[in-house]
Amino acid sequence: VDGIFSVTMSYIMYRISPPPKSAECGLFDEEMTGGAFKARSQVGDACSFSEALREAVSLSLTEANPEHDLSNEYTARMMMVLAKELGFDPNISLDDIMKKSEKLVENDGVMRQRV
């Protein structure tokens, strides 16, 4: 299974380390959508984790409590449902997935992993 399971984490990682020519892609998207997608001029520039998180919150990309996104709880829940639906392990639990998951923060809000 391959895909983006957390819009929040995807956005934050994109902002911390944007791909080459990302600003040009944003301008292309804006032109192709007739202005429906407005490219932000700073999107091509890397920023700090804190700044990227503030942007994600302001754009409503996070859960009501961003800790759920940053602790991988939301993604782990999706992975649990997918594992069960695809028949990988009908008995897998959220705890099983969370134990194997890398987290940016624990549920107490303390940063645990280097970013």
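Residues to consider are Asp2, Asp69, Asp29; find the one that is at pLDDT below 85 and touching a Phe, Trp or Tyr at 6+ places or on another chain (Cβ under 7 Å).
Asp29
Restricting the first member to segment 33-58 and to residues that are in a helix (DSSP H, G or I) and charged (D, E, K, R), and the second to residues that are surrounded by 10 or more Cβ atoms within 10 Å (Cβ to Cβ) and modelled with pLDDT under 90, the beta-carbon pairs closer than 7 Å and six or more apart or on different chains are Glu55/Arg15. Can you tell me which residue within segment 9-32, out of those that are without any contact (Cβ under 8 Å) to a residue 40 or more places away in the chain and of a type in the set (Ser, Thr, Tyr), is least open to solvent (accessible area, probe 1.4 Å)? Out of the qualifying residues, it is Ser22.
Inspection of segment 93-113 finds no residue satisfying the criterion of being modelled with pLDDT of 85 or more, touching a Lys or Arg at 6+ places or on another chain (Cβ under 8 Å) and under 20 Å from Ile16 (Cα atoms).
The values are calculated or read from the model by the stated rules, or taken from the named source; none is laboratory data. Source: prediction; values computed, not measured. Positions of Cβ are generated from backbone atoms using ideal geometry, with glycine treated the same way; all protein chains shown enter the neighbour counts. Calculation scope for accessible area: heavy atoms of the full protein, side chains included, ligands and nucleic acids excluded. Shrake-Rupley method; radii C 1.70, N 1.55, O 1.52, S 1.80 Å.
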